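All remarks here apply to the structure that follows.
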Amino acid sequence: MSLPIRIAPSLLSADFARLSEQIRLVEDAGADLLHVDVMDGHFVPNITIGPFVVRAIRDVARVPLDVHLMIDRPAFYAEAFAKAGAHWLTYHVECAEGGPETAETIRALGMRPGVSVKPDTPVGAIRDHLPLVDMVLVMSVEPGFGGQSFRAGVLPKLAALRDAGFAGELEIDGGIDEKTIGVCAAAGANVFVAGSAVYRTRDPAAAVRVLRASAEAKRVS
Ligand code: DX5
Ligand code: ZN
């Protein structure tokens, strides 16, 4: 299993008044994806952005958009995100439309489906989704806000997914920094979301490069 390491800066921690500059900065530093956090104030207690802003991001981005839906109705909104230019579209198994058919809806719209589990949701909950998705996103913080501390207790889920035969992209999101990224790579993750560790630093470009080097050093071959 040798999927490439992919670094996905989370725009949630970027300066939204200077978004195109902030995007170009991490792209030039080698970011593979742009992680876009969509929150509806129902599934999580925070509200962020919708398809209209995703479209604006798409218009300036050079790398694919990795859209993380923290909303109750991902199937209902999937078409709007397809039209907005999402490449990856990830839904939560815990939401109101969190059944495996949501993966099929997303794929039928031409996007690559992912499914996500909150820190306390066991991987058994997504067993029926695994043949239908291209990505599993394991949350290492409670979804809703950037800047929280990494929960190492989720690490066994990464290995469990590989043991269950899941060979797709394995993404980890929440509290990823140059210290925590290594254990995640060693446990089998290959896609790493980082918000604060990129955008809340003095040099976001350098942060992207450091994250990549730290992941490469610990990756499973
Ligand atoms: C939280 C979001 C994350 C967030 C991560 O609900 O899913 O993508 O931006 O932020 P950090 O890297 O600061 O934990
Ligand atoms: Zn996210």
Go through Ser149, Ser140 for me and flag whichever is touching a Cys at 6+ places or on another chain (Cβ under 9 Å) and more than 14 Å from Leu69 (Cβ to Cβ).
Ser140
Flagged in region 79-99 as outside any strand (DSSP E or B), touching a Ser or Thr at 6+ places or on another chain (Cβ under 7 Å) and within 19 Å of Ile47 (Cβ to Cβ), in numbering order, are Glu94
Within region 1-34, work out how many residues are in contact with a Phe, Trp or Tyr (Cβ under 9 Å, 6 or more places away or on another chain) and either of a type in the set (Lys, Arg) or within 14 Å of ligand 2 (Cβ to nearest atom) (or both).
10
For region 186-201, which positions are within 16 Å of ligand 1 (Cβ to nearest atom) and either over 21 Å from Leu161 (Cβ atoms) or touching a helix residue (DSSP H, G or I) at 6+ places or on another chain (Cβ under 7 Å) (or both)?
Ala189, Phe192, Ala194, Gly195, Ser196, Ala197, Val198, Tyr199, Arg200, Thr201
Of all residues in region 12-67 being part of a helix (DSSP H, G or I) and touching a residue at least 60 places away in the same chain (Cβ under 8 Å), the one that is nearest to Leu89 (Cα to Cα):
Leu12
Among the residues of region 115-143 satisfying the criterion of being loosely packed, with under 15 Cβ neighbours inside 10 Å and within 16 Å of ligand 1 (Cβ to nearest atom), which is farthest from the chain's Cα centre (by Cα)?
Asp120
Only unsatisfied item for Asp28, checking (1) farther than 22 Å from Gly175 by Cβ; (2) crowded, with 18+ Cβ neighbours inside 10 Å, is (2)
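Each reported figure results from applying straightforward, stated rules to the coordinates on display, with no laboratory input. All values reported here derive from a predicted model rather than from experimental measurement. In this analysis, Cβ positions are derived from the backbone assuming ideal geometry, glycine residues included, and neighbour counts consider all displayed protein chains.
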